[in-house]
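Below is one structure; the comments refer to it alone.
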Amino acid sequence: MAAREELLRYLRRQLIGPAEGNKTELIEEPPNRRYLMGTLFPQDTDRQQSLTEAAEVTEPGAAPEETSEETRFAGDTVPDANAWLPSSMGISLYTDAEELTLVCRAARYETRRGKVRKWQRVPLDDFEATFKVGEVQKDIWGSRAQIRLRWRPFAGRWLVTAALVNAKNATGDHGSQWDDMLFQASLEVRPVGGGLLQYPSIRLTSRDPEEQELRLQYRHVVTHAVGHSCVVDEIDENGEVVGPRANRPVTGLRSQMMPEAEVPAITPAGPSGQPVLKLAHLSDPKVAESRLRTEITDFIEGYREWCQAQRKVDVPPGAQEAADRILDRLDVTVRRMETGAEALFEDSSGHALRAFRLANRAMALQMRHSKRDLAGRRRPRSEAVPLDPGPLRDAAWHPFQLGFFLLSVCGLIDESHPDREVVDLIWFPTIRSHAASVNSPRPATRSIIRLAIGSCPWRTIRTRPVRPTTESSSCTHRCSQTGWRHSRSPGP
């Protein structure tokens with residue numbers, strides 16, 4: 001079993017139960033304190049009463065909870081599903097089937113009195129039955145619980161809410177409250193003679209531009225159900241969870257009290273290994289200006305070609321307007337990159353290109369300083385370190401990092417440029433330990449640092465031109481003011 005799956009199973013056992021997998025476990029603390037998820041309380045149980053029974057301290061004068069209209073589902077099919085102590089859980093779905101098979105599971109804990117009060121787990125028999133259109137209620141588990149359904153016709157099909165409800169009512173007898181609670185509750189729904197359809201939502205018809213664009217970008221995600229007091233896992237015929245990009249059909253729905261989501265690892269895409277991405281190449285004054293300009297122009301052309309290819313991608317009916325807005329913004333971004341490159345090479349003073357090269361050298365120095373033999377790890381002050389190391393020779397940008405700098409050039413060097421009114425968001429998801437990130441910043445962070453460092457030599461050169469022999473020391477001194485470790489003493 002993978003480590004991630006093992007961790008999830010452990011968390012579910014601890015939060016939902018039973019902790020050790022023992023179906024008849026005996027525990028020494030109130031079960032609603034031992035297990036914090038998957039519990040259906042007797043109806044009308046309030047938080048004050050429950051905390052008192054569990055011998056917890058609550059705020060003086062705390063009033064019982066009130067159920068507002070906003071927390072009640074229409075028709076009370078799932079009463080108190082959104083209450084602090086829910087008495088029901090439910091699944092709403094959209095289907096063309098006229099029969100649904102429901103499977104319910106749960107357990108209860110009986111109080112065992114003695115010198116030390118304990119609670120014995122009593123599994124309830126799995127309940128499975130098929131319900132037809134019009135069948136709306138059934139008592140199960142000796143009237144301890146109810147299955148409730150609500151069938152609503154919609155566009156020739158059925159909107160159905162199926163709920164598992166604790167049928168017991170809260171009483172003043174503290175000793176019976178635990179016995180009436182349902183633990184490890186779950187509900188599974190499968191259509192018979194039909195399928196699960198995309199669940200209707202007001203967002204599907206929203207005219208809000210952002211909603212339209214999000215709907216287009218996430219069109220592969222289809223919602224088949226909505227949970228009440230739970231989330232819903234979409235499952236296949238074998239009971240396995242079907243991911244949003246899986247090719248298996250969704251044939252059933254199952255309640256989930258501890259939601260999980262796996263975020264796929266994301267790595268920067270695009271070309272790699274090109275000279276134009278090497279910091280040593282970009283900072284080398286021996287590289288001819290004409291060659292560097294051609295390389296940067298070809299680099300930007302790669303983005304242009306990618307954007308043009310996106311215009312040939314098929315989009316769903318009615319989504320073309322949203323697609324055009326996104327593509328137009330991409331075109332503006334590429335044009336800003338082109339304009340930034342022009343500003344670098346058409347500056348008659350040569351200051352912009354010199355600042356660009358110095359900034360790349362400063363970043364290569366920072367990357368060298370973050371290595372373990374310098375500032376990349378803690379060390380005693382008495383330990384010797386290399387003095388005055390040169391820039392990291394193999395340091396390279398990801399394509400999006402160089403692109404971000406190019407589109408920001410005009411606003412950086414021209415205080416009157418309209419880009420000064422634009423806030424650019426650069427976002428790239430990374431998960432790194434604190435130790436790994438202190439001296440080696442994340443890709444997006446490094447892009448912002450690169451931009452900040454680019455402004456240092458530009459402002460210095462523009463106001464007080466420096467001699468070529470002092471460029472490196474001037475850049476190192478000024479860049480240290482940004483807060484990054486660019487000094488010539490790379491201590492811990």
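Rounded to whole Hz and in sequence order, give me ³J(HN,Hα) for region 4-15 from the Karplus expression 6.51 cos²θ - 1.76 cosθ + 1.60, θ = phi - 60°, writing x for Gly and Pro.
Running phi through 6.51 cos²θ - 1.76 cosθ + 1.60 with θ = phi - 60° gives 5, 5, 5, 5, 4, 4, 4, 4, 5, 5, 6, 9 Hz.
From the phi angles alone, apply the Karplus equation (6.51, -1.76, 1.60; θ = phi - 60°) to region 251-257 and give each ³J(HN,Hα) in whole Hz, x where the residue is Gly or Pro.
The phi angles translate into 10, x, 9, 9, 5, 9, 8 Hz.
Stretch Glu342-Leu327 to full length: gain in nm at 0.36 nm per residue minus the Cα-Cα span? Walk me through the numbers on the way to the answer.
Details: separation 15, 0.36 × 15 = 5.40 nm, distance 2.27 nm.
Residue separation times 0.36 nm, minus the Cα-Cα distance, leaves 3.1 nm.
Can you sort Glu135, Glu234 so the residue with the fewest Cβ neighbours within 10 Å comes first?
Values: Glu135 14, Glu234 21.
Result, fewest neighbours first: Glu135, Glu234.
Using 1/(1 + (r/R0)^6) with R0 = 41 angstrom and r between the beta carbons of Val313 and Asp414, what's the FRET efficiency to the nearest 0.05? Intermediate values should be presented prior to the final figure.
Numbers: r = 35 Å, r/R0 = 0.86.
With a Förster radius of 41 Å, E is 0.70.
Name the lysines eligible as straight-distance cross-link partners of Lys278: C-alpha to C-alpha under 29 Å, and not fewer than 8 places from it in the same chain.
Reachable lysines: Lys286, Lys371.
Can you put Val136, Val165, Val231 in order of Cβ neighbours within 10 angstrom, beginning with the fewest? Write down the numbers at each step before the final one.
Numbers: Val136 13, Val165 25, Val231 17.
Fewest to most other Cβ atoms nearby, the residues stand as Val136, Val231, Val165.
For Thr24 and Arg381 in one chain, what is 0.36 nm times their gap in residues minus the Cα-Cα distance, to one decimal in nm? Walk me through the numbers before you get to the answer.
Numbers: separation 357, 0.36 × 357 = 128.52 nm, distance 5.97 nm.
122.5 nm is the gain from fully extending Thr24 to Arg381.
Work out from phi, with θ = phi - 60° and the Karplus expression 6.51 cos²θ - 1.76 cosθ + 1.60, the ³J(HN,Hα) of each residue of region 320-332, listed in order in whole Hz, and give x for Gly and Pro.
5, 4, 5, 4, 4, 5, 5, 5, 4, 5, 5, 4, 4
Would you grab the residues whose amide H sits under 5 Å from the one on Gln43? Only those 5+ places off in sequence or on another chain, please, with H modelled 1.01 Å from N.
Lys168, Asn169, Ala170
Would you kindly state how much longer the chain becomes between Trp306 and Arg372 on full extension, computed as 0.36 nm times their sequence separation minus their alpha carbon distance, in nm to one decimal?
Values: separation 66, 0.36 × 66 = 23.76 nm, distance 3.80 nm.
Length gained, Trp306 through Arg372: 20.0 nm.
Which of the peptides 94-100, 258-264 is most tightly packed, and how do the rest follow, going by the mean number of other Cβ atoms within 10 Å of each residue? Provide the component values of the computation, followed by the final result.
Working: 94-100: 19.7, 258-264: 9.4.
Taking the mean over residues of other Cβ atoms within 10 Å, the ranking is 94-100, 258-264.
Quick check on the exposure proxy: order Phe41, Phe345, Phe356 from fewest to most C-beta atoms within 10 angstrom. Walk me through the numbers on the way to the answer.
Values: Phe41 24, Phe345 16, Phe356 27.
Ascending Cβ contact count within 10 Å gives the list Phe345, Phe41, Phe356.
What lysines sit close enough to Lys118 to cross-link, taking a C-alpha to C-alpha distance under 25 Å and skipping anything fewer than 8 places away on the same chain?
Of all the lysines, those that pass the test against Lys118 - Cα under 25 Å, at least 8 places apart if same chain - are Lys23, Lys168.
The numbers here are math on the coordinates, done by the rules we state, and not lab data. No experiment lies behind these values; they were computed from the predicted model shown. Because the Cβ atoms are built from the backbone with ideal geometry, glycine has one as well, and the counts that use them run over all protein chains shown.
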